[in-house]
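Have a look at the structure below before the remarks.
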Amino acid sequence: MLQQLNGHSSSSPDQSRVSLREDIQEFLSGEAPLHQLDDLTKVNPVTLETVLRCLQARYMVDTFYTNAGCTLVALNPFKPVPGLYSPEMMREYHAASQPQKLKPHIFTVGEQTYRNVKSLIEPVNQSIVVSGESGAGKTWTSRCLMKFYAVVATSPTSWENHKIAERIEQRILNSNPVMEAFGNACTLRNDNSSRFGKFIQLQLNRAQQMTGAAVQTYLLEKTRVACQASSERNFHIFYQICKGASEEERVQWHLPKGSTFSWLPNPERTLEEDCFEVTREAMLHLGIDTRTQNNIFKVLAGLLHLGNVQFADSEDEAQPCQLTEEAKCSVRTSASLLQLPEDMLLETLRIRTIRAGRQQQVFRKACSRAECDTRRDCLAKLVYARLFDWMVLVINSSIYADPDSWTTFIGLLDVYGFESFPDNSLEQLCINYANEKLQQHFVAHYLRAQQEEYAVEGLEWSFVNYQDNQTCLDLIEGSPISICSLINEECRLNRPSSAAQLQTRIESALAGSPCLGHNKLSREPSFVVVHFAGPVRYHTAGLVEKNKDPVPPELTGLLQQSQHSLLTVLFPTDPKEKTQEKPSGQNRTPALTVVSKFKASLEQLLRILQNTTPHYIRCIKPNSQGQPQSFLQEEVLSQLEACGLVETIHISAAGFPIRVSHQNFMERYELLRRLCPRASSSFHNPYSAKEHSEQPPQGEAATLQTLLQDLLHILPALTGTAATPVDSAECTPAPLQCGRTKVFMTDFMLELLENGRTQVLEQCARCIQCGWRQHQHRKQKRQRRAATLIQAAVRSWLTRKHIQRLHTAATVIKHAWQKWRIRMAFLASKELDGLEEKHFSQAHGSPNSSPLPPMQTRLLGAIIRLWPLGLVLANAAVGIHSFQRKLVVHACLQLPSGSSSSSSVQTAQQDQAGVRSIRALPQGSIRFHCRKSPLRYADTCPEPSPFSVTGFNQILLEKHRPIHV
Ligand SMILES: Nc1ncnc2c1ncn2[C@@H]1O[C@H](COP(=O)(O)OP(=O)(O)O)[C@@H](O)[C@H]1O
Ligand SMILES: [Mg+2]
């Protein structure tokens, strides 16, 4: 679902989707950061993406082990991790009361198995399946587990017992370097790749002490002795003897320094595993004495020299192939090391004997060059395979405990993982077949574990719908017709068949199988098997031959002729074996093919596993370069697929991959009741407020159930469809179920709930937006009103201030004017008082001396009394224009209108307001007489008097600046 959420293109929806995804992720994974999740099943939802992210987060903080349900995922650190496998750590896990509560570790698995054995609960025997790609750390893990058991499964009670136990453990541990030297090789993927599968049975007595062990091996890649891919190497032991032999041994084994061998590619690479001394020491501890060791290494040196035998085509087909001088020398050395007659060796390699006819007549036929090469390689493979088996036998005899001395066991299966190369053949078919078998076993176990969890949670759900890999297994091993049966039949019929014919046969006989595919693009004959971990194309060329693994009887016969003490053990001249190996004409018993042998051993292994309690460790290689701190998601993903972890994820998905605690579920989805009006009345949140503590748990569950029911009812509203999952729930399980502690749901259900939640949140968001906008609008309105009020107040204040200033100015003018008037009145009265006295006397003499008629005199008096008003009028900004102004001024001041030279009235610019100043030539004082006399002499120039103040009336009124209101 999360991928779906993330699957759109435009950038902004993308961002919102990413944030939604993170939100869901956070909700599902709870509070814990990814690297703190100890169990991949706690990753919510269980998808590849989240699993990968979790593993990566843990790897980056040097946490290499993670649980995945019943499986432990082990990431290869590719670096030594101090203290991770120390004896103290082993004891810590051993002493812990609940080791599963400690950090995930292989020691948790080790301790768990050990306690299971102790508990004696059936099945008592335990098995640990360690799987993974080459280089992922299987062998390392098995080795560490063996060391763990060697530490914990001992009894310190009696010293003697302790010594015996220690010796056994040492032997068990010593089997590792020996088996790795003979069975491991440097490949492109791993410097120490195990080229065989092994099952180690650690045997415990009644007191759960380790008393012995047994090793079973599977399918050694013996072709590597004679054929190595470029950049790969032969088995480690060949390099060890060439590099680590003493001078004396070099002479003995014909391995002079600097000698080159065609079966020893890339000898210049020195690996940690090339330590000859360690192998020898371990062999010695296993009871293989120096003499036997010497014999073993002699045989190996003989094989190396055999590899240098190169054949050349002979001119005459009837004649055996030619040999160069060097090759002859190699044959000689090889024969001497293997203690074989040189002639016989040469003849066996170059000449084929055929028995035919009733009398079993022997015909001899010279082999072609290619046949010679095959016979040479076959000889080497035969010797090496027998040597390896013998080594395992010796190891087993050295570590195996008396059957009476042990009662239980812990099995460790270190098996090659699923393989898919560009060119796959019988080896890969067998390996992948084994992996299919193990996967089926694992899935059955995993499903059981899942079902147990559901049962604990009280869920009713069965995995009836889950299809396991039985169809693929039917295709490979089924009866009566399967790939294995067809290949075996080809071998049995012993008829010449081409690769193309085999392909056609497989395709036509198994056409009905859904797991069989055909790569139409491939030119080479092949068939495709769709395994659980992916499709693999197998080439049919050479398949039958490999399955037959034919060993020409002459080769066995030759080796039986050897005087070498080891070869006589490896190839005994036992008459029984002779008859088995020898083809005896028409009625011989069919030889066992590789596939049938492998199938038999696999079935035996599975029988053992089925009777044990299995534990799984999946080793993962974070990168193919072996670099620490580098986690390549793609590579890890393909391994998760190959080891079946993806399959378990799919199984989880088939059930209820999403598990959420009751409380988390309520907190997140409680709001969905808004979509369901019916539910809102009946529903109340059991986790909200005080109710929670007061409600009994029964009530909580009931309320939760009610909510779940309500949610199921609103599903149609969420999907917008008529068909509801509730309807379909009648035949299939409901997509949402309530367990005792968790709510279980499918991906589909989570998607629906999330959609509903988004709907509700959108509604809420719209509501909030609406409210917010209203609030904003109201706020703006209020602000505007307030601003208007403030502006009005300010304006009125400014106006008041201005008017006040005007008032002040007017008051000042008034006061000045009053002062001036008083003064003038005083001066005038003083002057008039003098004149009056004179005039009074004159007036009494001539009563008709007034120059003005009485009416005019009264008007003049009025004008003079009102002249300040006239001045104000003249100064007014409006109404009176230039000429009128002057007139008013003249009238006010009673200036002689005839003589313009004696006075001038200066007005401001015509358009500007008011009279700027009134100027008059100094003519002595202007006399005002307002009350006492009608100023009879005001228009006449008074006599200049020494007491008059010149310039006193020059500026009568001066306006400095116009005032604008
Ligand atoms: N737990 C580990 N700690 C450190 N190094 C490891 C660990 N597991 C594996 N390795 C390294 O990885 C290499 C390959 O591991 P190995 O067990 O041989 O792989 P496999 O058996 O799966 O092919 C080892 O040689 C070792 O260097
Ligand atoms: Mg290995």
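The values are calculated or read from the model by the stated rules, or taken from the named source; none is laboratory data. Note that the coordinates shown come from a computational prediction; the quantities given were computed from them, not determined experimentally. As a convention, Cβ positions derive from the backbone with ideal geometry for all residues, glycine included, and neighbour counts pool all protein chains shown.
General observations
- Leu204 meets the conditions (1) surrounded by fewer than 22 Cβ atoms within 10 Å (Cβ to Cβ); (2) farther than 19 Å from Ser425 by Cα in every case but one. The failed one is (1).
- Only one of Leu827, Leu753 that is at pLDDT below 85, surrounded by 10 or more Cβ atoms within 10 Å (Cβ to Cβ) and over 27 Å from Leu672 (Cβ atoms): Leu827
- Among the numbered conditions (1) crowded, with 18+ Cβ neighbours inside 10 Å; (2) at pLDDT below 90, the only one that Ser158 does not meet is (1).
- No other residue among Arg250, Arg269 is part of a loop (DSSP other than H, G, I, E, B), of a type in the set (Lys, Arg) and surrounded by fewer than 17 Cβ atoms within 10 Å (Cβ to Cβ) apart from Arg269.
Here's the yes/no breakdown for (1) touching a residue at least 60 places away in the same chain (Cβ under 8 Å); (2) assigned to a helix (DSSP H, G or I); (3) farther than 30 Å from Leu707 by Cβ:
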| position | (1), (2), (3) |
| --- | --- |
| Met749 | yes, yes, no |
| Leu753 | yes, yes, no |
| Ala765 | no, yes, no |
| Gln776 | no, yes, yes |
| Arg782 | no, yes, yes |
| Thr788 | no, yes, yes |
| Gln791 | no, yes, yes |
| Arg795 | no, yes, yes |
| Arg800 | no, yes, yes |
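- Of all residues making up region 225-239, the number that are touching a strand residue (DSSP E or B) at 6+ places or on another chain (Cβ under 6 Å) and among the charged types (D, E, K, R): 1
- Hits in region 594-629 - residues which are in contact with a helix residue (DSSP H, G or I) (Cβ under 9 Å, 6 or more places away or on another chain) and more than 30 Å from Phe409 (Cα to Cα): Pro622, Asn623, Ser624, Gln629
- Among the residues of region 114-138, the ones that are assigned to a strand (DSSP E or B) and of a type in the set (Gly, Ala, Ser) come to 3 in all.
- Count of residues meeting criterion [within 14 Å of ligand 1 (Cβ to nearest atom) and not in a strand (DSSP E or B)] in region 188-215: 7
- Residue match in region 383-393 (condition: modelled with pLDDT of 90 or more, closer than 30 Å to Thr154 by Cβ, in contact with a Ser or Thr (Cβ under 9 Å, 6 or more places away or on another chain) and buried (at least 18 other Cβ atoms within 10 Å of the Cβ)): yes
- Those residues of region 109-152 which are within 16 Å of ligand 1 (Cβ to nearest atom), β-branched (Val, Ile, Thr) and farther than 15 Å from Leu412 by Cα, in sequence order: none
- The C-beta contact set for region 75-92 (first residue over 13 Å from Cys144 (Cβ atoms), second residue within 16 Å of ligand 2 (Cβ to nearest atom) and part of a strand (DSSP E or B), distance under 9 angstrom, 6+ apart or interchain) comprises Leu75/Cys619; Leu75/Ile620.
- Every condition in (1) modelled with pLDDT under 95; (2) closer than 27 Å to Pro628 by Cα; (3) away from ligand 2 (no atom under 16 Å from the Cβ); (4) buried (at least 21 other Cβ atoms within 10 Å of the Cβ) holds for Ala153 except the one numbered (2).
- Qualifying positions in region 561-572 - surrounded by fewer than 18 Cβ atoms within 10 Å (Cβ to Cβ) and either in contact with a Ser or Thr (Cβ under 8 Å, 6 or more places away or on another chain) or part of a helix (DSSP H, G or I) (or both): Ser565, Thr568, Val569
- Qualifying residue in region 405-421 (condition: more than 16 Å from ligand 2 (Cβ to nearest atom), buried (at least 18 other Cβ atoms within 10 Å of the Cβ), part of a helix (DSSP H, G or I) and touching a residue at least 24 places away in the same chain (Cβ under 8 Å)): no
- Matching option when the condition is of a type in the set (Gly, Ala, Ser), without any contact (Cβ under 8 Å) to a residue 24 or more places away in the chain and away from ligand 1 (no atom under 16 Å from the Cβ), among Ala366, Ala370, Ala385: Ala370
- Condition check for Glu122: more than 29 Å from Met391 (Cα to Cα), modelled with pLDDT of 90 or more and more than 16 Å from ligand 2 (Cβ to nearest atom): no
- For region 164-185, the condition holds for at least one residue, the condition being that it is outside any loop (DSSP other than H, G, I, E, B) and over 20 Å from Thr279 (Cα atoms).
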